[in-house]
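A quick write-up on the structure given underneath.
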Amino acid sequence: MNTYIYIGRDGEQGAELRKTIRDQHIAHLTALDENQRVVFGGPLRDEASLPCGSVIILTAESLEAARAIAESDPYFTQGVFKTIDVFETLTVFPKSAD
């Protein structure tokens with residue numbers, strides 16, 4: 001499996017919608033995490049330290065599969081995220097102890 005990053009950027013109602021959608025978003029990520037597919041996940045914070053988006057690093061079979069995961073995130077399907085970007089990435093750091 002390859003490693004992918006998706007970045008969700010909140011829309012105008014993102015901060016308010018997060019309060020009601022968060023449990024669904026966490027359930028979506030928990031299912032991935034239980035299958036050891038989540039490398040990192042957390043909110044992006046603006047200058048006032050308020051959430052303004054999220055970054056999720058995960059493993060998937062393909063870019064299309066990673067996009068499908070991002071596009072099925074309740075934060076996207078229910079309007080918290082205005083946009084999502086999905087990219088393949090490579091782990092350069094931390095260096096492994098090979």
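For the stretch 68-98, taking the residues that are assigned to a helix (DSSP H, G or I) and in contact (Cβ under 8 Å) with a residue 24 or more places away in the chain, the one that is farthest from Thr30 (Cα to Cα) is identified as Phe76.
Looking for whichever is closer than 22 Å to Glu16 by Cβ and within 16 Å of the chain's Cα centre (by Cα) here; the options are Thr89, Thr83, Thr59. Which one fits?
Numbers: Thr89 fails: closer than 22 Å to Glu16 by Cβ; Thr59 fails: closer than 22 Å to Glu16 by Cβ.
From the options Thr89, Thr83, Thr59, the qualifying one is Thr83.
For the stretch 50-67, name all the residues that are in a loop (DSSP other than H, G, I, E, B) and modelled with pLDDT of 95 or more.
In the first step, residues of the stretch 50-67 are kept if they are in a loop (DSSP other than H, G, I, E, B); the result is 50, 61-62.
Result: Glu61, Ser62.
Looking at the stretch 80-95, can you tell me whether even one residue there is surrounded by 14 or more Cβ atoms within 10 Å (Cβ to Cβ) and in contact with a Leu (Cβ under 6 Å, 6 or more places away or on another chain)?
As a first pass, look at the stretch 80-95 and keep what is surrounded by 14 or more Cβ atoms within 10 Å (Cβ to Cβ): 80-82, 84, 86.
Filter once more, keeping what is in contact with a Leu (Cβ under 6 Å, 6 or more places away or on another chain): 80.
Checked against the condition, which is being surrounded by 14 or more Cβ atoms within 10 Å (Cβ to Cβ) and in contact with a Leu (Cβ under 6 Å, 6 or more places away or on another chain), the stretch 80-95 yields at least one hit.
The values are calculated or read from the model by the stated rules, or taken from the named source; none is laboratory data. The model shown is predicted, which means the values in this text are computed figures rather than measured ones. Note that each Cβ is placed from the backbone with ideal geometry, even for glycine, and that neighbours are counted across all protein chains shown.
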